[in-house]
Amino acid sequence: MDTHPAPRATNRLDAFVDRYATRTAGMTASEIRSLFAVASRPEVVSLAGGMPNISGLPLDVVGGAISDLVANLGPVAMQYGSGQGVPELREQICEVMRLEGIEAHPDDVVVTVGSQQAVDLVTRVFCDPGDVVICEAPSYVGALGVFKAYECDVVHAEMDADGLVPEALRQAIAATRAAGRTIKFLYTIPNFHNPAGVTLSTPRRREILEICREEDVLILEDNPYGLLGFDDEPMRALRADEPDRVIYLGSFSKTFAPGFRVGWALAPHPVREKLVLAQESATLCPPQFSQMAVSAYLTEHDWQGQIKQFREMYRERRDAMVEALDDLMPSACSWNVPDGGFYVWLTLPPGINAQAMLPRAVTARVAYVPGTAFFADGFGSGSMRLSFCYPTPDRIREGVRRLAGVLEAEMELRATFGADQPARAVTGGYDAPGTDVS
Ligand SMILES: Cc1ncc(COP(=O)(O)O)c(C=O)c1O
């Protein structure tokens, strides 16, 4: 019997507020989401969102593949499917991962609703409230949201120009364990980091694996951008050298299209079994139609050629952003030059607060994401993420020009009146990656 009275008419905004599970307290709109409404107005140059630019996709090919799918395999494509995902697609996923040195069996792959759902399922399977997840500082806002929703605590470990700093990882593990806390896994984005733009160097990969082996820490390797390097061959995945300790996440969102919502997890066999059970309780099965459409695209189209085109297009945009930053930004700012992916991480002059400045920037018709969105602990106010993936090179330059204007005004105001709020100490290089990245 329901012991709760029916919600009474109340002048509170949410009449159900007393009924929600405690964990919903950790579910808040990300800074990015609340920005979307304003940032998506056409007059605003959005350097905020990380939407892939899929305008180069051959819609005729995709349309033809989908139309053939409906005509030839419609009744299967529109039916429920396996909780683990379509077998042919899982085989193709293994081919995709081979580009990063991974030798895997399709039976160890679980298809998910984007890699975002894979982060959710892994956390659901491993984490109890109060468990600790170690994350880079800064880290992907969508993963931080998942960890918060499952009531985990995030401990950040610093990065620099070569990615996660091994000594910082050691310290984070030691300090967490000394406090009697349980570490469930290290969540890491080794390639073209979101939001920091940096890539874990090859020697660091070995060191990070070594530390996790020594300390018996599981690794969640999130790699949606790995094939979007601008110059070099893809880096070797952590999973390629440590199949029993790494759960690897991949996605077709950035290399094909996010609308299909197809990603995957590759996991050690026992974990894979748990992930399938979690997937079945979450969705019964990942969308069969989307999986078969992605599979048909991979079969019928030169998907590697398409990725090459994407890489060239994003490189042009990266160049436009970096050139504009070099030309227009006050010299007290610093930023990194990413070798791939979508993002530049910009460190502001001391005392300038990216969160406080945002309304002024939006008024000046440019949007970015303040660094605080990417920290679980309130740090990051002295930095921002700039995305170059979506706007055209001209718009990127215009966006940077507007941003530089807002920043100069802010610096002038600060020079005249002092900080509009106390400058936050940038402790221990915690607003990583620090100035050495620029
Ligand atoms: C690091 C990282 N992981 C996961 C995702 C989720 O991607 P999707 O669910 O579209 O595969 C994103 C999206 O931006 C991301 O940047």
Quick one: would you say Leu69 is buried (at least 19 other Cβ atoms within 10 Å of the Cβ), assigned to a helix (DSSP H, G or I) and not small (Gly, Ala, Ser)?
yes
Over region 211-226, the set of residues of a type in the set (A, V, I, L, M) and away from the ligand (no atom under 13 Å from the Cβ) is Ile211, Val217, Leu218, Ile219
_Could you go through region 327-337 and let me know if any residue there is of a type in the set (Gly, Ala, Ser), crowded, with 18+ Cβ neighbours inside 10 Å, out of contact with any Asp or Glu (no Cβ under 6 Å at 6 or more places or on another chain) and under 17 Å from Ser46 (Cα atoms)._
no
Those residues of region 238-263 which are within 9 Å of the ligand (Cβ to nearest atom) and of a type in the set (A, V, I, L, M, F, W, C) amount to Leu249, Phe252, Val262
Among the residues that make up region 182-199, is at least one of them free of Cβ contacts under 8 Å to residues at least 40 places away in the same chain and either within 15 Å of the ligand (Cβ to nearest atom) or farther than 24 Å from Arg124 by Cα (or both)? no
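Filter region 252-275 for residues that are assigned to a helix (DSSP H, G or I), surrounded by fewer than 18 Cβ atoms within 10 Å (Cβ to Cβ) and not charged (D, E, K, R) and give the result.
Gly259, His269, Pro270
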Open item on the list: Just to be sure before I move on: is Asp60 exposed (fewer than 13 other Cβ atoms within 10 Å of the Cβ) and either at pLDDT below 90 or outside any helix (DSSP H, G or I) (or both) in the structure I sent?
Closed with: no
Flag if Thr176 is free of Cβ contacts under 8 Å to residues at least 60 places away in the same chain, buried (at least 16 other Cβ atoms within 10 Å of the Cβ) and within 28 Å of Arg23 (Cβ to Cβ): yes
The condition from (1) touching a Gly at 6+ places or on another chain (Cβ under 7 Å); (2) over 26 Å from Arg385 (Cβ atoms); (3) not β-branched (Val, Ile, Thr) that Asn191 misses is numbered (2)
Residue pairs within 7 Å by beta carbon, gap of at least six or interchain, first lying in region 5-22 and closer than 18 Å to Ala149 by Cα, second in a loop (DSSP other than H, G, I, E, B) and at pLDDT below 85, listed first then second, are Arg19/His4
Residues in region 165-197 that are in contact with a Ser or Thr (Cβ under 6 Å, 6 or more places away or on another chain) and of a type in the set (A, V, I, L, M) total 1
Inside region 390-438, the number of residues satisfying the requirement of being modelled with pLDDT of 50 or more, under 14 Å from Ala332 (Cβ atoms) and of a type outside the set (A, V, I, L, M) is 4
Residue pairs qualifying under the 6 Å Cβ cut-off, at least six apart or on distinct chains, with the first in region 326-347 being within 16 Å of the ligand (Cβ to nearest atom) and the second being part of a loop (DSSP other than H, G, I, E, B) and of a type in the set (Gly, Ala, Ser), are Pro338/Gly197; Phe342/Gly50; Tyr343/Gly197; Val344/Gly197; Trp345/Ala196; Trp345/Gly197
Worksheet item: Could you say whether any residue in region 345-355 is within 24 Å of the chain's Cα centre (by Cα), closer than 26 Å to Gly142 by Cβ and surrounded by fewer than 22 Cβ atoms within 10 Å (Cβ to Cβ)?
Response: yes
Of (1) out of contact with any strand residue (DSSP E or B) (no Cβ under 6 Å at 6 or more places or on another chain); (2) surrounded by fewer than 18 Cβ atoms within 10 Å (Cβ to Cβ), Arg181 fails just (1)
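Before we move on, is Glu233 away from the ligand (no atom under 16 Å from the Cβ), without any contact (Cβ under 8 Å) to a residue 24 or more places away in the chain and farther than 30 Å from Ser290 by Cβ?
Details: away from the ligand (no atom under 16 Å from the Cβ): yes; without any contact (Cβ under 8 Å) to a residue 24 or more places away in the chain: yes; farther than 30 Å from Ser290 by Cβ: no.
It is false that Glu233 is away from the ligand (no atom under 16 Å from the Cβ), without any contact (Cβ under 8 Å) to a residue 24 or more places away in the chain and farther than 30 Å from Ser290 by Cβ.
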* Asked: buried (at least 23 other Cβ atoms within 10 Å of the Cβ), more than 16 Å from Phe375 (Cα to Cα) and among the hydroxyl-bearing types (Ser, Thr, Tyr), is that true of Ser82?
  -> no
Contact list, first residue from region 126-151 and on the phi < 0 side of the Ramachandran plot, second anywhere and surrounded by fewer than 24 Cβ atoms within 10 Å (Cβ to Cβ) and acidic (Asp, Glu), beta-carbon distance below 6 Å, six or more apart or interchain, is Pro129/Glu151; Val132/Asp153; Ala137/Glu158; Val146/Asp120
Check on Leu298, touching a residue at least 40 places away in the same chain (Cβ under 8 Å) and away from the ligand (no atom under 14 Å from the Cβ):
yes
When restricted to Gly101, Gly74, Gly83, the only residue in contact (Cβ under 8 Å) with a residue 24 or more places away in the chain and more than 19 Å from Gln304 (Cβ to Cβ) is Gly83
Of Val125, Val133, Val113, Val109, the only residue that is at pLDDT 95 or above, surrounded by fewer than 24 Cβ atoms within 10 Å (Cβ to Cβ) and in contact with a strand residue (DSSP E or B) (Cβ under 8 Å, 6 or more places away or on another chain) is Val113
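The values are calculated or read from the model by the stated rules, or taken from the named source; none is laboratory data. The structure displayed is predicted, hence computed values, not measured ones. Glycine gets a Cβ as well: all are built from the backbone with ideal geometry, and neighbour counts include every protein chain shown.
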